Amino acid sequence: MSAAEYRTGLGWDVHRTGPGRPLVLGGVSVPAEFGLEGHSDADVLAHAITDAILGAAALGDIGMHFPDTDPRWKGADSLIFLRHALGLASQRGYELVSVDSTVILERPKLKDYRTPIREKLASTLELPLDCVSVKFKTAEKVGPVGEGRSAEAQAIVTLRRTCEPAVP
Ligand code: C5P
Ligand code: MG
């Protein structure tokens with residue numbers, strides 16, 4: 001039986017907020033009085049999209065490929081993870097078709113950063129801008145995200161089969 005022509009992958013991530021940390025979303029630094037804690041640059045959006053790509057290709061999850069105990073990834077630019085996931089999917093014979101995502105963060109307001117984030121992700125993922133969607137939500141002051149203690153991101157991607165896998 002031949003492999004499916006289209007595959008869908010789901011990604012989710014959460015990071016605590018913390019003082020003296022950068023707030024990086026989709027590779028874009030957003031000015032804020034706090035940032036996100038984590039081993040890498042804690043780019044919660046890049047992590048969710050990375051997991052969605054890995055998931056669509058059934059290649060495990062981000063922690064399998066980039067353990068947070070590995071000193072190489074301390075402070076790492078998470079776009080590295082995203083490019084790596086894309087490369088692995090490509091080796092499996094899949095190309096990325098589209099990305100939809102949501103960042104859930106109580107503050108700051110992110111809407112002015114939508115275009116820069118979409119542009120950064122589109123260039124990293126080698127996609128046209130109109131195939132990259134980034135949405136923002138508050139958590140209506142409810143729960144850890146609503147109380148400003150954490151940020152979450154969700155992503156869904158579609159992969160299209162291009163050829164037989166280069167690796168089994
Ligand atoms: O969460 P809520 O539905 O109230 O969000 C309303 C609007 O605020 C959304 O359109 C969203 O784009 C924007 N927003 C934002 N920055 C956030 C959260 C939401 O710009 N941190
Ligand atoms: Mg993460």
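Return the total of residues in region 103-116 being surrounded by fewer than 16 Cβ atoms within 10 Å (Cβ to Cβ) and either aromatic (Phe, Trp, Tyr) or near ligand 1 (Cβ under 7 Å from one of its atoms) (or both).
4
Please go through region 130-154 and pick out each residue that is in contact with an Asp or Glu (Cβ under 7 Å, 6 or more places away or on another chain) and of a type in the set (A, V, I, L, M).
Matches in region 130-154: ALA139, VAL145, ALA153.
From ARG72, ARG21, grab the single residue that is in a helix (DSSP H, G or I) and more than 11 Å from ligand 2 (Cβ to nearest atom).
Details: ARG21 fails: in a helix (DSSP H, G or I).
Only one candidate passes the filter, namely ARG72.
Cβ contacts < 7 Å: first residue within 12 Å of LYS137 (Cβ to Cβ) and in contact (Cβ under 8 Å) with a residue 24 or more places away in the chain, restricted to region 100-114; second residue part of a strand (DSSP E or B) and open to solvent by 60 Å² or more (accessible area, probe 1.4 Å), any location; separation 6+ or different chain. Result?
Sorted first by the residue in region 100-114, then by its partner, the pairs are SER101/LYS135; SER101/GLN154; THR102/LYS135; THR102/LYS137; THR102/GLN154; ILE104/LYS137.
Which of the residues spanning region 92-102 are β-branched (Val, Ile, Thr) and either buried (at least 23 other Cβ atoms within 10 Å of the Cβ) or outside any strand (DSSP E or B) (or both)?
Applying the first criterion (β-branched (Val, Ile, Thr)) to region 92-102 yields 97, 99, 102.
Residue satisfying the conditions is VAL99 alone.
Given the options ALA89, ALA122, ALA139, ALA85, name the one that is buried (at least 17 other Cβ atoms within 10 Å of the Cβ), without any contact (Cβ under 8 Å) to a residue 24 or more places away in the chain and in contact with a helix residue (DSSP H, G or I) (Cβ under 9 Å, 6 or more places away or on another chain). Explain how you work it out, then say what you get.
On the way: ALA89 fails: without any contact (Cβ under 8 Å) to a residue 24 or more places away in the chain; ALA139 fails: without any contact (Cβ under 8 Å) to a residue 24 or more places away in the chain; ALA85 fails: without any contact (Cβ under 8 Å) to a residue 24 or more places away in the chain.
On inspection, the qualifying residue turns out to be ALA122.
Which of the residues that make up region 44-74 are within 16 Å of ligand 1 (Cβ to nearest atom) and over 20 Å from TYR94 (Cα atoms)?
Initial filter on region 44-74 (within 16 Å of ligand 1 (Cβ to nearest atom)): 44-45, 48.
Within region 44-74, VAL44, LEU45 meet the criteria.
Tell me, yes or no, whether region 126-136 has at least one residue that is buried (at least 21 other Cβ atoms within 10 Å of the Cβ) and of a type outside the set (A, V, I, L, M, F, W, C). Don't jump to the end; show me each part of the working.
The first filter runs over region 126-136 and keeps only residues buried (at least 21 other Cβ atoms within 10 Å of the Cβ), leaving 132, 134.
Keeping just the survivors that are of a type outside the set (A, V, I, L, M, F, W, C) gives none.
No, because not a single residue in region 126-136 is buried (at least 21 other Cβ atoms within 10 Å of the Cβ) and of a type outside the set (A, V, I, L, M, F, W, C).
The values are calculated or read from the model by the stated rules, or taken from the named source; none is laboratory data. What you are looking at is a predicted structure, and each value in this text was computed from that prediction instead of being measured. When we count neighbours, we look across all protein chains shown, and the Cβ atoms used for this are built from the backbone with ideal geometry, even at glycine. What goes into the accessible areas is simple: the full protein's heavy atoms, side chains included, and nothing from ligands, DNA or RNA. Shrake-Rupley method; radii C 1.70, N 1.55, O 1.52, S 1.80 Å.
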